[in-house]
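The values are calculated or read from the model by the stated rules, or taken from the named source; none is laboratory data. The structure displayed is predicted, hence computed values, not measured ones. Cβ coordinates were reconstructed from backbone atoms using ideal geometry, including for glycine residues, and neighbour counts include every protein chain displayed.
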């Protein structure tokens, strides 16, 4: 016989073993050797947290009482798993793309991130799970009591304190490995691997007991089957069809809705593809777990003394056969089942409680704006988790103490299932129906929960404990149609099936009606589309691991908005500031704020905040969608900047066109003016020549002096005509490029000297300022042509300068490979509207001092164009100013 | 002259995959139906089905479902499901999985 001390030691050793495994797994995960931790089999085994102590011990008891009905508890989840393509895959993908942390998070996130809904789900989950945790504590203490029984009642008199110790130990384990790090993924490698090991332990323990029963006691398979058939109560198929179908439905719903199952199925899932393995391996595990239940039950019923607790056959059967080693193994199996369930349930519940109840309250209590809390709040979250874990376990213990650990507790398993099964309606409704709304979900849940409380939970404490006998029999205040076990007067149903049926039906009805009659908020509609069309939105599943992945995503996004180079520079700069090697900095709060500011310049503050918080925290829209938005925004921005550029170009072109038009109009006017001028210019000498030649011809009595005078006038006029025609010819030669240039090096001073000498003949009293030193510059050009230009400019100045003491300043300066020669007089200059046309042919400034034909400057321009230089009017010099620039070496000479 | 076999092969393969996905979706329904059969069995101590036969039937169906699921998973590559989700289906295996947004869809 195994003593209690040995058993305690075994428990402690087993606990230490689990600690070690979890610790090793965490360390391997940190060191990147986590490949085997992410194997699909580990995932499948972790799902076995579905099989708790209640199924480990209780299934046999269940079979002993109700025959094959216990199979429903395993068949339901198996069917859900086999149908993974339809439902689970979608929930997993949603969990991944929305980074859901719990079942409450899933539902609240679907319905517009309503915290009220999250609180409601959390409360229902706590109410539904607490009795279940109590059940685990009870099974552990009961199994202890089995071993203690031979030592007398005093040996384990204090089972209550034993339960407390177990609860405390589990709390320690859960706090240690469940809140070690605050990962955005909420994954716990250590816990998962410990759960997987426990799955193997409990399966082996149950199989060992089963094999011992069938082949050790029973004498083989056929004899065992025969003995089952021979049993009076269990020998024939006997089943309440309502319970058979109802329980399969209930357990199937429980797989999806139980917080601990959601934790291992969705939250701890590393890779969606693990579901493929689980789709057949999990049903196989379920088959193995339930295979020997019936033989053990029948053997227990036939071999053990009347009145033995069938819930403990798994222990008492080997003990009665003297197989204490097997019994201890079986005990460890039961212990495993209990601990794994409590650990995962505590993690799942604490996540919900801390995220949806504790943190919102804490944030509200902070002075100032809740969402603007500065600094790191992670320690707050972790503390909240730890407090929640301890709270949940203490609640379970309290429930165990208060319920007295009797048979009432054992009945609560299925009732607990049916409580959390209320989530099924908003969950499935939310992921398959876009029209589901928050109002509908809340109202449906409230209805379902109320019906569940009334029909299942409150009566579960037993007749007269919470609900009096009278209420059960006649309904509250005599309302017969409200009898808890015969709502609307429909009696005769099994109470459990009755409760499940009505609560789920009314839940679904209110959910549907509420959804149809209410109008969803924009966030709900957005989330609805995200959830229902998750496969279209999320693309290939990616795993999110650690901060660099986030930084990388931030970089991708930033590049799309800021441009690749700027974004990389920003990130590199930040990485340098943080002292991190490489380009990717840690996504620290400062950096995020900075990035957000940078981004808000591109897309506006609200969007930038949404985008950053999407990648870092959890927000409404999936990253892929935001990237699409970013792409679109970038495209739109690029497009609009292109449009802007184009429109600026158009404005420029229009301005140029307008200018050209003005110039053309002016030129046209000038041409007209010139034509009249030239005809006048040509006519005037022609007229005088004709007139005087007629006088000479027709007046014979003319004096010689008169003849000479008239002949001189005719000669002068002819010269004028010739000059005019020469100019025109010169210009046309220049314009046609037929001019021959005589290039030779010459000093500017010589050219200027010649030009000034040529113009001095007019005898005007203009003062010319010169810069003799600068004029010494050598230039390779056609000296005659350049002289012609200078003569023209100086003559113009003499002709048009209207100052009382006309002065002309000639300045020479260097400009790159050219010389600039400026001719600036102190007259009133060229009016602004004329500046544009003075270089055109036939242009003449004003009507004053009619002299040339307006060809001088045009000829200058053409000459300089031939010489490779230019001439321009310099406005704003206090008078008329012309800038001539001549290349130092002619382009032709250089060739 | 040889007929162009590539496209025909692809078409047939993706068709096969579609039907496999159909099968995977229908499998739980089949399971529900087959495991619902015990509800039709005669009950009671005298003419009731013997428990051993009930056990063999239920476990047989159950194991058969698990086996069928394993076979389906084996035949159904992940890419086929991805393609099915994305609504393309007939793309070759090396094509990108993302379905381009239709013009009437909002990116956000």
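How many residues are surrounded by fewer than 23 Cβ atoms within 10 Å (Cβ to Cβ) and closer than 16 Å to residue A:74 by Cβ when one looks only at segment A:286-342? Number of matching residues: 3.
Restricting attention to segment A:269-325, report how many residues are in contact (Cβ under 8 Å) with a residue 40 or more places away in the chain and over 30 Å from residue A:97 (Cβ atoms).
31
Return the total of residues in segment A:756-772 being crowded, with 19+ Cβ neighbours inside 10 Å and without any contact (Cβ under 8 Å) to a residue 24 or more places away in the chain. Residues in segment A:756-772 being crowded, with 19+ Cβ neighbours inside 10 Å and without any contact (Cβ under 8 Å) to a residue 24 or more places away in the chain: 0 in total. The helices (runs of 4 or more DSSP H) found wholly in segment A:257-317 and carrying at least 2 residues that are away from every other protein chain (no Cβ under 14 Å) and farther than 19 Å from residue A:191 by Cα occupy A:293-303. The condition (being modelled with pLDDT of 75 or more, surrounded by 19 or more Cβ atoms within 10 Å (Cβ to Cβ) and under 30 Å from residue A:239 (Cβ atoms)) is satisfied by just one residue among A:458, A:505, A:501, A:487: A:501.
When segment A:46-95 is filtered for residues that are within 22 Å of residue A:432 (Cβ to Cβ) and outside any helix (DSSP H, G or I), the ones remaining, listed by number, are A:83, A:84, A:85, A:86, A:87. Can you pull out the residues in segment B:69-79 that are more than 8 Å from chain A (Cβ to nearest Cβ) and under 22 Å from residue A:291 (Cβ atoms)? Matches in segment B:69-79: B:71 only.
Conditions tested, residue by residue: (1) in contact (Cβ under 8 Å) with a residue 24 or more places away in the chain; (2) in contact with a strand residue (DSSP E or B) (Cβ under 9 Å, 6 or more places away or on another chain); (3) farther than 29 Å from residue A:829 by Cβ; (4) part of a helix (DSSP H, G or I).
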| position | (1), (2), (3), (4) |
| --- | --- |
| A:732 | no, no, yes, yes |
| A:749 | yes, yes, no, yes |
| A:754 | yes, no, no, yes |
| A:774 | yes, yes, no, yes |
| A:787 | yes, no, no, yes |
| A:796 | yes, yes, no, yes |
| A:810 | yes, yes, no, no |
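If only one of A:196, A:205 is part of a helix (DSSP H, G or I), within 47 Å of the chain's Cα centre (by Cα) and at pLDDT 80 or above, which one is it?
On inspection, the qualifying residue turns out to be A:196.
Taking segment B:45-59 as the range and being at the interface with chain A (Cβ under 7 Å from one of its Cβ atoms) and free of Cβ contacts under 8 Å to residues at least 12 places away in the same chain as the test, the residues that pass are B:45, B:48, B:49, B:50, B:51, B:52, B:55, B:59.
For segment A:230-249, the criterion of being closer than 25 Å to residue A:299 by Cα, within 12 Å of another protein chain (Cβ to nearest Cβ), in a helix (DSSP H, G or I) and modelled with pLDDT under 80 is met by at least one residue. The set of residues in segment A:57-78 that are at the interface with another protein chain (Cβ under 8 Å from one of its Cβ atoms) and over 22 Å from residue A:337 (Cα atoms) contains only A:67.
For first residues located in segment B:18-29 and over 12 Å from residue B:70 (Cα atoms) and more than 9 Å from chain A (Cβ to nearest Cβ), partners that are part of a helix (DSSP H, G or I) and at pLDDT below 85 and lie 6+ apart or on another chain with Cβ distances below 8 Å form the pairs B:18/B:84; B:20/B:75; B:20/B:80. All conditions but one from (1) without any contact (Cβ under 8 Å) to a residue 12 or more places away in the chain; (2) more than 53 Å from the chain's Cα centre (by Cα) apply to residue A:172; the one that does not is (2).
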